[in-house]
Each structure stands twice: as structure tokens, then as C-alpha cells.
1. Yes or no: A:VAL37 buried (at least 22 other Cβ atoms within 10 Å of the Cβ), touching a residue at least 24 places away in the same chain (Cβ under 8 Å) and more than 7 Å from every other protein chain (Cβ to nearest Cβ)?
2. Name the residues in region B:62-87 that are open to solvent by less than 10 Å² (accessible area, probe 1.4 Å) and either over 28 Å from A:ARG16 (Cβ atoms) or among the basic types (Lys, Arg) (or both), would you?
3. Checking the structure you have, find out if any residue of region A:1-12 is more than 27 Å from B:PRO77 (Cβ to Cβ), open to solvent by 50 Å² or more (accessible area, probe 1.4 Å) and modelled with pLDDT under 90.
4. Test A:VAL215 against the criterion of being in contact (Cβ under 8 Å) with a residue 40 or more places away in the chain, under 19 Å from A:VAL129 (Cα atoms) and either surrounded by fewer than 20 Cβ atoms within 10 Å (Cβ to Cβ) or in contact with a helix residue (DSSP H, G or I) (Cβ under 7 Å, 6 or more places away or on another chain) (or both), and give yes or no.
5. Would you pick out the residues in region A:1-49 that are of a type in the set (Ser, Thr, Tyr) and more than 8 Å from DNA strand C (Cβ to nearest atom)?
6. Tell me which of these B:ARG156 doesn't satisfy, since it passes every other one: (1) more than 22 Å from B:VAL219 (Cβ to Cβ); (2) touching a strand residue (DSSP E or B) at 6+ places or on another chain (Cβ under 6 Å).
7. When only residues in region B:41-72 that are within 11 Å of DNA strand D (Cβ to nearest atom) and in a helix (DSSP H, G or I) count, which is nearest to the other protein chains (Cβ to nearest Cβ)?
8. Any residue in region B:50-58 that is within 16 Å of DNA strand C (Cβ to nearest atom), open to solvent by 20 Å² or more (accessible area, probe 1.4 Å) and under 26 Å from the mean Cα position of the chain (by Cα)?
There are 2 protein chains.
Amino acid sequence: MGTTSKALSLLNFFSRATPQIGLSELARLSGLNKATVYRLLGELAAHGFVEQVGTGREYRLGPAFLRLAALREKHVPMRDVALKQLTDLSDATGETAHMSLLNGEVLSNLAYAYSNRHGTMVMMDDAEVLELHSTGSGLAVLAYSPKSLVDEMLSRPLKARTSQTITDPNQIRALLPSIRTEGIAASVGGFEEDVFSHAAPIFDARSICIGAMAVAAPVSRMTDPLRMMIRDNLLAHARQTTRILGGFPPDTFPTREPQMMLQKEA
Amino acid sequence: MGTTSKALSLLNFFSRATPQIGLSELARLSGLNKATVYRLLGELAAHGFVEQVGTGREYRLGPAFLRLAALREKHVPMRDVALKQLTDLSDATGETAHMSLLNGEVLSNLAYAYSNRHGTMVMMDDAEVLELHSTGSGLAVLAYSPKSLVDEMLSRPLKARTSQTITDPNQIRALLPSIRTEGIAASVGGFEEDVFSHAAPIFDARSICIGAMAVAAPVSRMTDPLRMMIRDNLLAHARQTTRILGGFPPDTFPTREPQMMLQKEA
DNA sequence: AACCAATGGTTCAAATAATGAACCGACATA
DNA sequence: TATGTCGGTTCATTATTTGAACCATTGGTT
């Protein structure tokens, strides 16, 4: 791993739960030498990627990201595109719709939209990180990711977010083929209790899966007709989102009308 | 300069004008070896800080910034705070208010607010970069920055954005003391023709200047009474913004009521 | 008050990772 | 076919990164 990667990976230790971290703690978390972390933080700080809180204490993410995010969004208005599609999708289904992007080995939220049709709804949070094994979106991404990522991902111990989280790698592997034939992944209570989530993958110009679009509803509201309705709408909107973003589903991706397919070996 | 700094500085070559850059071009711009740039881009790409456009062509900023910006803003809601203050300031003055943060040797926009009192107003742009020598905000920041930054900054050739831009380093240096006694910098048409801009510095917890808040009005609308009104409102709102963000103006910063001060040597 | 275990920060020889000139094959232009 | 540029790759040389040990402070415990 190059020096730059080490520096950048330091940034991943900042999260909702631990928004600011001290030097020694960060050295411990990253497994790097304290002096190394100190120097790397210094370089990151010089560019506004981290900053020190108050007078000489812990570090936190810096203001540079605001500028770069604005610049990125100005040139590649993913969030805008996603938000429009999500609003439509949320209106059509009456449930919460959201989209997240693959970032290393986790998904990070890009945007979400609520419906006001029901008194209860699944709440989302910017800056939340979704694991690949415990969420519908994660499973959708896994199903369309190269074997290397799946193996890498499933070789690590899988954390149970709820009592219903699937933590057996083989069980997860067994789900993937049917997700591929459906084009949709489902997860019941895997990330949060009482949330039934459907998700479909999003692809880039090289037909590589870059994230997922999902509809999340309370388990109590889920019925088979609703599932069908969500499934159809989700597939359509995910497809359209991929297209608007300039991407293409892979050849193996099911078309709108279910049909017989030959399974191809990658 | 460390390797990490080199990698991070590559990101600064992406701008509104050149949102995507090829490998060779980036090597030329940065003065680094092509192989080096290639490797650095690879590491940046692995973390989502850059990505390649379409199939193996130019590079552009990646999606990671969206997540990190959201995370930063969640923990340090600068933009929200600024937006509230700017809305107030814009309402009070009837003109466009904006705030920008010091990022290396330039200012980048954080937020802005328009007024609807007049038919014409100064328009702002996210992701725009303001130079220190040609803008009111820049002068305000220079006046409260360490001598080293000022020297560094003014040793380079200064670009004339308009016919009214001040490009003589000595002339700029001569402005700084009066800005310090006023607590406010003014610039007439330095960045864009016909724009009269007032700006006040914003400080962090260590009393270091981190950016500026400004009011920009058409030159044609500017009168002495308006200047006084803007000055008072701007000073008050800048002060409050500094305070809400957890910062402190330095001891030398003028209080609301103008008063005699002894000039201190730093 | 003395002690201990943290913290952020610093040093410098040793080890490692970054570097850059040259080289590919592919593509475009002429 | 010849020429220039592109993105990408190689590998011996070089320069940067690294990490153990060491400070000076701070805060808690005895």
C-alpha cells in the first residue's frame, strides 16, 4: 500500500459515531506508527482535509470537502439526478426511496426521498454507512460485483446488526444467483428491525456496479402485491437512473419483462 | 513536499473550467513525472477521490467527496450556520451576502444568500474560487493572516481579473493596515466589473483567520449611507458567525464602536 | 506531593517506497 | 507509412518514509 493510500485511509476512521479522533487513537486504529500518522495528518491538514479541534487537540474532517463536493456535483450532478428519480420512486411506491454508492467495501448514502402517503416511514440519514452483507442495497451490489470483492468481503467476520442479519457467508453466497436473475435484492430486518428493503444495482459506463437504489418500507406494511409493485417501479427507476448517469446495465441484467436466460460464466 | 501532498495537490487542478484532465496533461500541469501522476491517480481512484470518465480516458473528481462533505457538515455544520447568518445579512442590507473559506492560498465559496429587494443583484456560484488579491474577501483575509502567507502570496505575479484589479504588491500591502483598523476590507470591481464588495474576516478557536463574510452590491447602487449600513451589519454578523462557529476574533480586532488602538507588533 | 499512564509531538539511522527515463501498443492525424 | 500523442508499464536509482525511543504536558490515583 502506498503512502498516499495510508493517508487517505485515515479519513475512513472518522464517522458519525467518532467524528473526531486523537493522534494516538488514530495510530492505534490504523495500525500505523504514531510518528507516521502525525506526519500524514500534517499533510492532510495542510490541504484542509483534516483540522485540529480547538487548540491542539483531536483531529476532525476538514472544510476542503465542501468545496470539492460542490465542484464534483457541479460537473457530475449525480445527487440531483438521483434525487429526482428517488422522488418519483417514492411517490409511486408510497415508501422511502434512497440511493447509495459503493465506496471501497461499504455503501455511503447519496440521497433519499420520503413519501407522505403513510403516517410512518423509514427514516434515512446522510453520512450513514451501509454494510454490504446486512442491507438490501449491499446484496444487490454484491450480486453484481466481481468475485474478488465478494470473496474479500465475505472472508471477514460479518457483524450482526439485528437478530435477523444473515452472517453466514455461504448463506449470502447462496442468495446472489437469484438476485441476479431477479435484478432485485430483498432484505428483511437485516440492518434495522422492522424494515423491509428492496434494492436494485446501478451501473457505470463500463457496466461496473457503482451502487444501488432501494425502497425501504416497514415490515408491517409489506404484502405480496406491494412487493410486486415496488419491484416493478424500482427496476424501472434504477434502469433509468443508470441510463441518465451515462451507464449501461451488463448484458446479463434482466430486462423489464422476466424471461428465460442462459447463465453465463464470467 | 511529501508524497501525500503531491497526490492531494493534484486535486486542485480540477476546476469549473477544467473539470476533467488526462494523465499527460495533469503531469504537465503539476510538473510531476507521468509515471508518478499515474500511480498517485491510481491511489486516489482506489479511495473514490478521482474516477476515470467513461472507458479509460480522462480523470475527474470522484464521489467520495459527497460522503465526506456530508459527514463533515453533520459534525461541523458550518454551511448551515453561515447560511442562516448570510440570509439575515442579506435581508438587512438588501444585497447579496456570501462567505468563503481559506483553502491554501485561495478562498472557496461556502454559502451565499440573495436579497429580493432590488431587480438586480450580484450572482454567486458554488465551487467558485476567489483569489486573495482581487477580492474584498481576499483582502480581509490577507489583513489578518500571518506575514508569511502575505509574503508568499504577494511574491507571485498577480493576475488582473478586470481593469480595476490592483496588481501592485506594494499597493496591496499599503491597504492592509487600514483594513485592520476598520475590521472591513472593500474592493471596487477587482474581481468582476461593477461589483462593490465589503468583507470582514472570520476566525477560528485559535483566532486564526479562516475565511471571510462579504456583501456584494452593484457599484451603481453604492452610496456613502449604504456603505455605512453595510459596514455595521457586516461587522456584526461576521462577529456573530465567528462566535457561533466557536471562534474568537484576535485581541487586535476592532470592537463594534470604533476606538483608539495601539498597534502591536506580532 | 509523588507517581503513573496517558497524551501530542520530535528525532534520526535504517528500510522501504517513490521516482523518472525509457519503452509499449493504440490511436489519430497527415 | 510516418509522426505525434495518448494512457499505461517497467526497473534500477534515489530520496522519502518509517518506527523505536525520547520529550514535555496533562490528568488521574494513591
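The values are calculated or read from the model by the stated rules, or taken from the named source; none is laboratory data. This is a predicted model, so every value here is computed, not measured. Every residue, glycine as well, gets a Cβ built from its backbone with ideal geometry; the counts of neighbours run over all protein chains shown. All accessible areas refer to the heavy atoms of the entire protein, side chains included, with ligands and DNA or RNA removed. Shrake-Rupley method; radii C 1.70, N 1.55, O 1.52, S 1.80 Å.
1. yes
2. Matches in region B:62-87: B:ARG72 only.
3. Yes, because at least one residue in region A:1-12 is more than 27 Å from B:PRO77 (Cβ to Cβ), open to solvent by 50 Å² or more (accessible area, probe 1.4 Å) and modelled with pLDDT under 90.
4. For A:VAL215, the condition - in contact (Cβ under 8 Å) with a residue 40 or more places away in the chain, under 19 Å from A:VAL129 (Cα atoms) and either surrounded by fewer than 20 Cβ atoms within 10 Å (Cβ to Cβ) or in contact with a helix residue (DSSP H, G or I) (Cβ under 7 Å, 6 or more places away or on another chain) (or both) - is met.
5. Passing the criteria: A:SER9, A:SER15, A:THR18, A:SER30, A:THR36.
6. (2)
7. By that ranking, first place goes to B:GLY42.
8. No, region B:50-58 contains no residue that is within 16 Å of DNA strand C (Cβ to nearest atom), open to solvent by 20 Å² or more (accessible area, probe 1.4 Å) and under 26 Å from the mean Cα position of the chain (by Cα).
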